[in-house]
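Peer 1: Dumping the structure here so I can ask a few things about it.
What follows is calculated from the coordinates using simple rules that are stated; it is not laboratory data. Here the structure is a predicted model, which is why all the values come from computation and not from measurement. Please note: Cβ atoms are built from the backbone with ideal geometry, for glycine as well, and neighbour counts cover all protein chains shown.
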Amino acid sequence: MSILFDNAGRQISLAQGSVKIGRGPDNNIVVSDNSVSRHHATIYVASNEAVLRDHGSSNGTFVRGQRINRDQVLNDGEQIKFGSVPFTFHDGSPQPYRDPTVPTSQIARSRPQMPGLATAGRSPAAAKPRSFEAPQARGGTSCPNCGRSFGGGRCCQFCKQVEGLPTGITIASAATRLFALLMEYIVAGIIVGLLFIAASATGANPGDAVAGLASVIALALGATFFVCSIVMFSRGQSPGKYFVGLRVINVQESQAAGFATMFLREFIAKPLIMILSSVTLGIVNFWLVWDRDTQELWDKVVNTIVVSDPLGRTRRP
Ligand SMILES: [Zn+2]
């Protein structure tokens, strides 16, 4: 089994076949670094050799410090860099004995010795099962919530824990979000309805009492909704989200969105997209159902995700 070691000494086992490396979530090894292209390179792993190919990446793929421009056969102990992210390649030779009592943090530090030791493992005696630990099959970081592999996405593929946020903070379900959205639409609908009643009553009979009452209720409701929104924006919430315990996360900052992001999202991006997409009869509201990170189009515009966080653990300090 061929292995890549990352800079922190973590092992990534390379299955036979093609192993795609890049920043995009559809790669086998996702490297979240700006120097890495979305589809950066592929390692073709066979039983007797591994070949590295760069896919015209912006910042290049390097072997022993040399940028490669053709397929490169990888030797044991080879230093590889995807953009500016270094890895060390090891071929199928058995890994040196690993003392189970030594914490992983120390193993990372002792890693530079491995290329020299690895050749000793080629003798049949050293290949006895108890003499070394099998490489860990780890396809990326493991989830702090359920312990399984994140799966290369922004949230855990199993429990929806969001990477980089406190344990237990999960991506909000599409159903909860649509419910929150629906509640806000109903309030907005009532306001518009009342204004419509007021306008038509005034048109038929200027100075009508019904018109006066309807416009007063509409204005009171509208003002309350607006003030609540403004107050909640600084906590990454809007009235509907507050009601069901959702919070908008600013992806770049890994914490609840602030007032500016929320104002942009709720009062500019969302209405604009809604107006532009009204030709689709509101089907755009259901975009999140098929989206990988349960994002709406306006989430993509302002770079936000929505999580379930009723206790405000993601709130900005
Ligand atoms: Zn998980």
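Peer 1: Give, in whole angstrom and from largest to smallest, the semi-axes √(5λ) of the equivalent ellipsoid of segment 255-306, with λ running over the eigenvalues of the Cα gyration tensor.
Peer 2: Semi-axes (√(5λ), whole Å): 19, 15, 6.
Peer 1: Related question: Can you give the extra length, in nm with one decimal, that the chain gains between S47 and V289 once fully stretched, where that is 0.36 nm per residue apart less the Cα-Cα distance?
Peer 2: Extending this stretch completely gives an extra 83.0 nm.
Peer 1: At q = 0.13, 0.25 Å⁻¹, what is the log10 ratio I(q)/I(0) for segment 174-247, with the Debye formula run over Cα points and no solvent?
Peer 2: Each listed q maps to, in turn, -0.47, -1.02.
Peer 1: Mind checking which lysines have their C-alpha under 23 Å from K20, skipping anything on the same chain fewer than 8 residues away?
Peer 2: Candidates past the 8-residue exclusion: K81.
Peer 1: Still on this structure, I have one more. Stretched out fully, how many nm does the piece from A220 to D6 gain, at 0.36 nm a residue minus the Cα gap?
Peer 2: 71.1 nm
Peer 1: Next question, about the same structure. Residue by residue, what Karplus-based ³J(HN,Hα) values in Hz, rounded to whole numbers, does segment 254-270 have, using 6.51, -1.76 and 1.60 with θ = phi - 60° and x for Gly and Pro?
Peer 2: Working through the residues one at a time gives 6, 7, 4, 5, x, 4, 4, 4, 5, 4, 4, 5, 7, 9, 10, 4, 4 Hz.
Peer 1: Identify the residues of segment 293-315 with backbone N under 19 Å of a label point that sits 7 angstrom from the Cα of V192 along the Cα-to-Cβ direction, or state none.
Peer 2: Residues passing the 19 Å test: 297-298.
Peer 1: Given a Förster distance of 25 Å, report the FRET efficiency between V227 and N34 from their Cβ-Cβ distance, rounded to the nearest 0.05.
Peer 2: Efficiency at R0 = 25 Å is approximately 0.05.
Peer 1: Moving to a separate point now. For K270, list the lysines whose Cα falls under 27 Å from its own Cα; do not include residues on the same chain fewer than 8 positions away.
Peer 2: Those lysines meeting the cut-off are K160, K241, K300.
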